[in-house]
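Please treat every number below as a calculation from the coordinates, not as lab data. As the structure is a prediction and not an experimental result, all values here were calculated from the model. Backbone-built Cβ (ideal geometry, glycine too); neighbour counts: all protein chains shown.
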Amino acid sequence: MVPLPLIGALVLGACMVFGYSSFGVGFVLMAAGLLGLIAFMSTRGTVLRPGEREAVIEERHYIGGHDDHHRYRS
């Protein structure tokens with residue numbers, strides 16, 4: 001919803017600078033759409049898949065006094 005007033009301001013500004021014509025409005029709208037499409041395509045999706053930006057840490061809890069490594073320590 002926010003980009004609509006920005007596109008309107010862009011068209012209004014272009015009409016004030018270059019004068020109002022249907023070609024000018026169409027060209028500015030096409031350029032704004034192309035810029036928006038490029039910006040949309042370059043952003044990453046909001047759904048993150050495992051291993052993209054986060055580290056999966058597995059935490060294990062062992063119950064009991066079994067220390068299997070006590071034989072191998074110095």
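Phi angles across the range 12-22 convert, under the Karplus curve 6.51 cos²θ - 1.76 cosθ + 1.60 with θ = phi - 60°, into 3J(HN,Hα) values of 4, x, 5, 5, 6, 7, 9, x, 7, 8, 5 Hz, Gly and Pro given as x. Between residue 4 and residue 25, the simple label model (points 7 Å from Cα in the Cβ direction) yields a spacing of 1.7 nm.
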